[in-house]
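First up is the structure itself, then whatever we jot down about it.
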Amino acid sequence: MSQTQPQSDIDLDPVTFEVLRSSFRNLVDRMAEQIERTCYSFVMYNRDFSNCLNDAQGNTVMQGSKDIAVHVGTLHYTCKETLEYFEGNINAGDVYMINDPYLGGTHINDVRIMRPVFHDGELIAVTQSNGHWADVGGPAPGSFNIEANDHFAEGLRIPPVKIWDEGEFREDVANVLTTNMRLSEDRLGDLRAQAQATKIAEERLLELVEKYSVDTVLTAFNESQDYVERIMREQVRDLPDGSWRTQDYIDADPNKEEGFVTVDVEMTIDDDEVHYDLSGSDGYIGNFLNATFGTSFSAVIAGTKMFFPDVPLNSGMYRVVSANLPEGTVVDAPEPIPVTGSVAGTYEKVMNAIFELWSEVLPERAMACSFNLEYLLAGGTDQREGRAGQEFAWYDWMAGGWGGRDGKDGANATAPVFGAGLAVQSIEGQERDAPLLTSQHSIVTDSAGPGEFRGGCGLRKGGRVIECEGAVLSCCTDRARSITWGINGGLPGIPHGVSLTQDGEQTEMGTVFSNYSISEGDAFVRPSSGGGGFGDPTERDPEEVIEDVKDDYVSVERAERDYGVMIEVIDPELCAYKIDHEATEEKREYIRENREAWLEEDPEAVVEQYEDGEIDKFDLIRRYGVILNWSNGELLERTTEQFREMLQERAASEWS
């Protein structure tokens, strides 16, 4: 096996270059269509997958137009690792499989399938498909085990392995892997869907080679990356040089006293390059919310790309954007430290921190913090008629609110920033697939962080367990304490967390738990936060506030207490409301005179007011910056101190 290098003496004309570049994108999008039509998993059907075209060195030439953010920036790493692993033994007809998070991947659920593409006996490319498998083994259905102390307790970690050898399917290898996963037939179906997607891409690429010549196509590979590098450098060069620094936080390390876990991000622009230094981040923590290098680098790239929407994405961008991600920290946990929940932990903290940094550099594109990714998973044995005895795996994620923007409210009920291409799952499809019924799915009034431009609204989703046996529930999310924050004077959203009712007794389960027994009749509900607010809430146009009240985005009470807008209720069924402008001015002046002092009040005295019903949870968080253990009402002193420091920096310092 040899590798073909792009020919330097070929100069592509602009038309041919654009035709081929568009053809590469079409090739990758065809892979997505193949997976969507043939996958077995409901998770993958709802677009938790990505595809790409790599060159013979493993560099990314093209990703799909609807790939999800968390896979961006990692596919080239796993391709390079796989090519190195099989160096000297790469053949036409081979197909490789890997899910190893410590070899440039994300977490073990993300299974990558790669096919080397040959022309005249020489390796010219690799087509790659990454799909989130709904289960890859381990103690917890869905493979999210909060009790894991290492990856051995999470699920099956797969190093590079040949799953087709020169065109021959290695059924024994596939069976060894999938037999150790729940719903193994579904896993085999997803494997074949992804493998066929890489085959379709191979066929299309060889058609392009036949039409334009191999040298022309390989030159287009190289020029596609050069093109991205060139336009990215041009745009960065127009920006001011300098360094900017911020932090975001994971709620807690379960192995330590209460208090935030810091994800520290410093960004430096130097001429035409951008460098991120995350060396100020805390060490890895005692649960699965850690990230590996690949995951954190993906967050760096995806967070940056959000502010350069017109720049295509391939390895050309990685020549401009670099990152220092020290091993042993929460942003690069070494093996065997668990990392399955990284997308709900470190990943989105890195992204939101980067959003804030770029909001200072490019204020016209500024955006506050967005809600946190949340996975809720259930598994057991279905006992419904016609399905009795069948294993089921229910895998749900929430939509929520994105951060308020400079001049515009945040997006309501949107996919998480970790996976903007994700679909909101069909409730009817979920109910057909598993013995859980959805009882509610609606926008949460007052969930959006208040601001001159409020955050987008979050959702509340509830469910009920029906005929099943041996069922368990698991959850993976964050921001029950490091609540979605605002910028430029904006205020936070609401806490995440699951509430479970069994035999009439309600329990606040929190944000991370695994294998909690559930049975027929049990009910659960959880909200997603709205996005953080942008700008001073007392500067929001009262007419915008009253429109939010009409839409049930904001209650009359919170219009007064968060925005200082006094609204007279005439007939809520007719959406008839009236603003008292004089009282509004008085209320806003009262808020402005007192809000800094509120953040200085004794937290214990504030908790007493909360317990006596004098203030509510919104006041507790947004006015006083006090954080409790929402399960038992205990004041979290260190967390409150840190949360108040965050509010002082992001909100109070901007109030005039």
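Are there any pairs with C-beta distances below 6 angstrom linking a residue in segment 410-424 that is assigned to a strand (DSSP E or B) to a residue that is not charged (D, E, K, R), with the two at least 6 apart or on different chains, and if so which?
Thr414/Ala399; Thr414/Trp402
Taking into account only those residues within segment 494-527 that are in contact with a strand residue (DSSP E or B) (Cβ under 6 Å, 6 or more places away or on another chain) and acidic (Asp, Glu), which is farthest from Leu620 (Cα to Cα)?
Only one residue fits best here, namely Glu520.
Of the conditions (1) in a strand (DSSP E or B); (2) open to solvent by less than 30 Å² (accessible area, probe 1.4 Å); (3) in contact (Cβ under 8 Å) with a residue 60 or more places away in the chain, Trp164 clears all except one; give me its number.
Just one mismatch for Trp164, condition (2).
Identify the residue in segment 177-199 that is crowded, with 18+ Cβ neighbours inside 10 Å and among the β-branched types (Val, Ile, Thr) and, among all such residues, is farthest from Ala125 (Cα to Cα).
Ranking the candidates gives Thr178 first.
Please go through (1) surrounded by 15 or more Cβ atoms within 10 Å (Cβ to Cβ); (2) at positive phi for Asp271 and return the number of the only condition it doesn't satisfy.
Evaluating Asp271 over (1) surrounded by 15 or more Cβ atoms within 10 Å (Cβ to Cβ); (2) at positive phi leaves (1) as the failure.
Just checking: which of the strands (runs of 3 or more DSSP E) contained wholly in segment 50-125 hold 1 or more residues that are open to solvent by 20 Å² or more (accessible area, probe 1.4 Å)?
110-119
Show the residue pairs that are 6+ apart or on different chains and have beta-carbon atoms under 8 Å apart, the first residue being within segment 265-291 and acidic (Asp, Glu), the second being in a loop (DSSP other than H, G, I, E, B).
Cβ pairs passing all conditions: Glu266/Leu278; Glu266/Gly280; Asp270/Asp241; Asp271/Asp241; Asp272/Val320; Glu273/Val320; Asp282/Asp253; Asp282/Val330.
Would you check if there is a residue in segment 530-545 being hydrophobic (A, V, I, L, M, F, W, C) and more than 28 Å from Glu364 (Cα to Cα)?
no
Name the one entry in Ala193, Ala197, Ala220 that is more than 24 Å from Gly142 (Cβ to Cβ) and either of a type in the set (A, V, I, L, M) or part of a loop (DSSP other than H, G, I, E, B) (or both).
Ala220
Inside segment 611-656, can you point out the residues that are of a type in the set (A, V, I, L, M, F, W, C) and assigned to a loop (DSSP other than H, G, I, E, B)?
Within segment 611-656, Ile615, Val626, Ile627, Trp630, Leu636, Ala651, Trp655 qualify.
If you check Glu582 against the conditions, is it open to solvent by 50 Å² or more (accessible area, probe 1.4 Å) and not in a helix (DSSP H, G or I)?
So Glu582 does not fit the description; no.
So, in segment 320-354, exactly how many residues are surrounded by fewer than 24 Cβ atoms within 10 Å (Cβ to Cβ) and either under 18 Å from the mean Cα position of the chain (by Cα) or of a type in the set (Asp, Glu) (or both)?
2
How many residues are buried (at least 21 other Cβ atoms within 10 Å of the Cβ) and among the charged types (D, E, K, R) when one looks only at segment 203-222?
0
The values are calculated or read from the model by the stated rules, or taken from the named source; none is laboratory data. Owing to the predicted nature of the structure, the values given are computational and were not obtained by experimental measurement. In this analysis, Cβ positions are derived from the backbone assuming ideal geometry, glycine residues included, and neighbour counts consider all displayed protein chains. Each accessible area value is taken on the protein alone, full model and side chains, heavy atoms only, with ligands, DNA and RNA left out. Shrake-Rupley method; radii C 1.70, N 1.55, O 1.52, S 1.80 Å.
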